[in-house]
Amino acid sequence: MAFKKNFFWGGAIAANQAEGAWNVDGRGMAKTDVTTGGSVKAPRMVTYVDKDGNKCKAPSHHFTLPDGAHYQVFEDELYPNHDAIDFYHHYKEDIALLKEMGFTMFRLSISWSRIYPTGEEDKPNQAGIDYYRSVFEELKKNGIEPLVSIWHFDTPLALEEKYGDWLDRRYIDLYEKYVRTIFTEFKGLVHYWLTFNEINNTINFLPDTASDEDFQNAYQHLHYQFVASARAVRIGHEIDPENMMGCMICGITYYPLTPDPKDILHCQHTWEKGIFYSGDVQCLGKYPTYAKRLWDEHNVKLDITEQDIEELAQGKMDMYTFSYYMTQAVTTHKNDDVVGGNMSFGVRNPYLTYSDWGWALDPDGLQYYLEMIYNRYEIPLMVVENGLGAFDTVEEDGSIHDPYRVDYHRAHIKAMDVAVENGVDLIAYTTWGCIDLVSAGTGEMRKRYGFIYVDKHDDGTGTFERKRKDSFYWYKKVCESNGADLD
Ligand code: BGP
């Protein structure tokens, strides 16, 4: 196997999908606290009260709070992220299991509203800081390097109500205050930071049929996050020159469905809009040439200042990190054979099979992505999410047989190995949802990714008991053999 001696093997979770304890120790709310469960067919809903006091629900994707409305938790609704898998109270037990598997890296996120409950306090919430310090110390004690996402889809709800969803320049300073606090408090404990999880989602999941106003908002939202991210990179380096700062991109490999030159061109433009736009700004420190075309297509006029341009140039990433689950075929021809549920994942690729949630299974696409991206930026890469969301069955004796999960990871690790052999500087692999957690897309528990099973269910029941699946023992061999033993 080609992996370096100090390659990081591990797994990943996110605060809002794992911690639970949503209203404990002074934490403020985030959007996920007013978001219900859903399924592949039914979207997750946000709950709010309109200006006349009526209880309302709306699909959470691309939701904008109407004027005069307020987000609200309703007693007769179930909010899966409220308890999640209660990592907040189980972290010691969970870290012991990760150590047993041989993890050398664990990716987790900080909930902004545990540190600044409304985002606008002058002083941080000490209980939030103490909690994360204990988690990082526990990891250190167990020889596991933390990889910390600063923002994983969880802006404090109070800011969302006041300033909309990153549509206000004031977010940049508020985010700066938050990152200064965590860089200072956790100096020496954390060295690997990711500024915004899947920052490109704002634009790559926006359908071409969306209105010009939606595109205007999406590109503006992204611009403020790019500046906030670049500023975090600069400040992260100032506070601790040993900090390694990374972007985090939702990595999708796009293929043209046919050799029609129009499909090839369309595919290239899909890469530019969905993947390269966000990577180029963050890794090359400036907007690419094709940005003007993307903006012009939808009459987008951005608020970009001279200072923003300077900040982008000063905040280039040390590493490129990404999630990888699937590939998508795109075409300019009429084709109704689309895949996915309430979110579209392109047209069906006849050469691939699909998961129960409509995600294309394609390890070759990971090799393609790794080689494409490394050739573009030539900085270290990390695969920080990869995994199979699947139904698991607990047998009567408590065992969980999940050969499908082992097959999935084995094939993706082999693909990484070939890319490394071909010269890609890949330094880490953290599988998604190494401990079962709440799905971000559907809010389900039954869409399980873990090597560790958690007794928690979609109807809110469960004991939170943890169990080792068969894949737990398999991944342990992988970690301990540095990827050599994949049998
Ligand atoms: C990514 C997110 C994660 C995670 C994963 C799997 O988009 O960064 O938060 O949830 O996808 O998606 P899902 O939970 O919808 O299966």
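The values are calculated or read from the model by the stated rules, or taken from the named source; none is laboratory data. As the structure is a computational prediction, the values presented were derived from the model and not from experiment. Quick reminder, even Gly has a Cβ in these numbers, built from the backbone with ideal geometry, and neighbours come from all protein chains shown. Just the protein is used for accessible areas: all its heavy atoms, side chains included, with ligands, DNA and RNA removed. Shrake-Rupley method; radii C 1.70, N 1.55, O 1.52, S 1.80 Å.
Odds and ends about this structure:
- Output for the stretch 50-68, where each listed residue is acidic (Asp, Glu) and either under 15 Å from Lys31 (Cα atoms) or surrounded by 11 or more Cβ atoms within 10 Å (Cβ to Cβ) (or both): Asp50
- Condition broken by Ala360, with the remaining ones in (1) more than 16 Å from the ligand (Cβ to nearest atom); (2) under 21 Å from the mean Cα position of the chain (by Cα); (3) among the small types (Gly, Ala, Ser) satisfied: (1)
Yes/no per residue for (1) among the aromatic types (Phe, Trp, Tyr); (2) open to solvent by less than 10 Å² (accessible area, probe 1.4 Å):
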site: Asp337; (1), (2): no, no
site: Gly346; (1), (2): no, no
site: Pro350; (1), (2): no, no
site: Gly365; (1), (2): no, yes
site: Tyr368; (1), (2): yes, no
site: Met372; (1), (2): no, no
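- For the stretch 395-411, a residue qualifies if it is assigned to a loop (DSSP other than H, G, I, E, B) and either within 15 Å of the ligand (Cβ to nearest atom) or in contact with a helix residue (DSSP H, G or I) (Cβ under 6 Å, 6 or more places away or on another chain) (or both), and the qualifying residues are His401, Asp402.
- Matching residues, the stretch 244-278, being farther than 17 Å from Pro207 by Cβ, in a strand (DSSP E or B) and within 16 Å of the ligand (Cβ to nearest atom): Gly246, Cys247, Met248, Ile249, Gly251, Thr253
- Long-range neighbours under 8 Å by Cβ, at least six apart or interchain, first residue acidic (Asp, Glu) within the stretch 190-210, second not in a loop (DSSP other than H, G, I, E, B): Glu198/Met248; Glu198/Ile249; Glu198/Cys250; Glu198/Ser323
- Summed over the stretch 66-118, residues that are at pLDDT below 95 and aromatic (Phe, Trp, Tyr) total 0.
- For Glu378: the one exception among (1) away from the ligand (no atom under 16 Å from the Cβ); (2) of a type in the set (Asp, Glu); (3) buried (at least 16 other Cβ atoms within 10 Å of the Cβ): (3)
- Filter result for Glu176 (open to solvent by 30 Å² or more (accessible area, probe 1.4 Å), more than 16 Å from the ligand (Cβ to nearest atom) and part of a helix (DSSP H, G or I)): yes
- The lone criterion from (1) modelled with pLDDT of 95 or more; (2) over 30 Å from Gly315 (Cα atoms) left unmet by Glu137 is number (2).
- Enumeration of residues in the stretch 415-438 that are of a type in the set (D, E, K, R) and open to solvent by 10 Å² or more (accessible area, probe 1.4 Å): Asp417, Glu421, Asp425
- Restricting attention to the stretch 213-249 and to residues that are in contact with an Asp or Glu (Cβ under 6 Å, 6 or more places away or on another chain) and open to solvent by 10 Å² or more (accessible area, probe 1.4 Å), the residue that is nearest to Thr270 (Cα to Cα) turns out to be Arg231.
- Whichever residue in the stretch 70-102 is open to solvent by less than 10 Å² (accessible area, probe 1.4 Å) and assigned to a loop (DSSP other than H, G, I, E, B) and, among such residues, is farthest from Gly443 (Cα to Cα): Ile85
- Members of the stretch 143-164 found to be away from the ligand (no atom under 16 Å from the Cβ) and in contact with a Phe, Trp or Tyr (Cβ under 8 Å, 6 or more places away or on another chain), listed by number: Ile144, Glu145, Pro146, Pro156, Leu157, Leu159, Glu160, Glu161, Tyr163
- Among the conditions (1) in a helix (DSSP H, G or I); (2) within 16 Å of the ligand (Cβ to nearest atom); (3) out of contact with any Gly (no Cβ under 8 Å at 6 or more places or on another chain); (4) open to solvent by less than 10 Å² (accessible area, probe 1.4 Å), the only one that Phe196 does not satisfy is (1).
- Only residues that are in a loop (DSSP other than H, G, I, E, B) and among the aliphatic types (A, V, I, L, M) were counted across the stretch 179-193, and they come to 1.
- Filter result for the condition that a residue is among the acidic types (Asp, Glu) and either touching a Cys at 6+ places or on another chain (Cβ under 8 Å) or not in a loop (DSSP other than H, G, I, E, B) (or both), over Asp214, Asp208: Asp214
- From the list Arg466, Arg410, Arg446, the lone residue that is within 14 Å of Ile13 (Cβ to Cβ), modelled with pLDDT of 95 or more, over 15 Å from the mean Cα position of the chain (by Cα) and open to solvent by 10 Å² or more (accessible area, probe 1.4 Å) is Arg466.
- Scanning the stretch 292-322 for residues that are surrounded by 19 or more Cβ atoms within 10 Å (Cβ to Cβ) and part of a helix (DSSP H, G or I) returns Asp308, Glu311, Leu312.
- Taken over the stretch 103-156, residues that are assigned to a helix (DSSP H, G or I) and either open to solvent by less than 10 Å² (accessible area, probe 1.4 Å) or touching a His at 6+ places or on another chain (Cβ under 6 Å) (or both) amount to 10.
- Within the stretch 12-42, being assigned to a helix (DSSP H, G or I) and either within 17 Å of Gly433 (Cα to Cα) or within 15 Å of the ligand (Cβ to nearest atom) (or both) holds for Ala15, Asn16, Gln17, Ala18, Lys31, Thr32.
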